[in-house]
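For reference, the structure is listed below as structure tokens.
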Amino acid sequence: MATILVIDDEKGIRDVLKTSLELAGHDVLVAANGKDALTRGEQGPIHVVITDIFMPEQDGFETIMHLKKTAPQIKIIAISGGGYFNPENALKTAEHLGAHYGFNKPFNLQDLIEKIDSMLKERPA
């Protein structure tokens with residue numbers, strides 16, 4: 001079991017991910033943007049962060065850069081519907097900044113859970 005932080009400004013996406021990941025056996029924290037996520041991270045060790053790219057207050061790019069500096073051991077998955085941009089370009093930028101994987105919205109929840117499980121097997125004991 002791992003602690004996963006879901007960051008997305010869309011409440012519906014946060015709720016679906018929280019429920020799905022909890023059913024898969026994980027502890028899940030949620031935040032509406034990167035700024036809010038920083039306070040959630042103080043609640044204990046986070047193993048995986050799933051972050052949307054385009055959000056108010058602090059976007060996913062800023063959040064990824066912050067995490068890579070302050071907690072480089074955390075695995076990061078970027079998700080994006082693209083906003084005003086092509087989602088593939090946004091996800092490539094996120095991966096360049098340090099995200100381990102990217103998923104276009106909408107995505108298959110089972111694929112996401114399998115990717116998380118794979119990432120967690122790679123983490124040091």
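The values are calculated or read from the model by the stated rules, or taken from the named source; none is laboratory data. Note that the coordinates shown come from a computational prediction; the quantities given were computed from them, not determined experimentally. Every residue, glycine among them, receives a Cβ derived from its backbone with ideal geometry; neighbour counts consider all protein chains shown.
Listed values, structure above:
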{"quantity": "Single residue of region 15-54 satisfying the filter (surrounded by fewer than 19 Cβ atoms within 10 Å (Cβ to Cβ) and touching a residue at least 60 places away in the same chain (Cβ under 8 Å)) that is nearest to Ser80 (Cα to Cα)", "calculated": "Val16"}
{"quantity": "Leading residue by the ranking (modelled with the highest pLDDT) among those in region 86-114 that are farther than 26 Å from Ala24 by Cβ and loosely packed, with under 14 Cβ neighbours inside 10 Å", "calculated": "His96"}
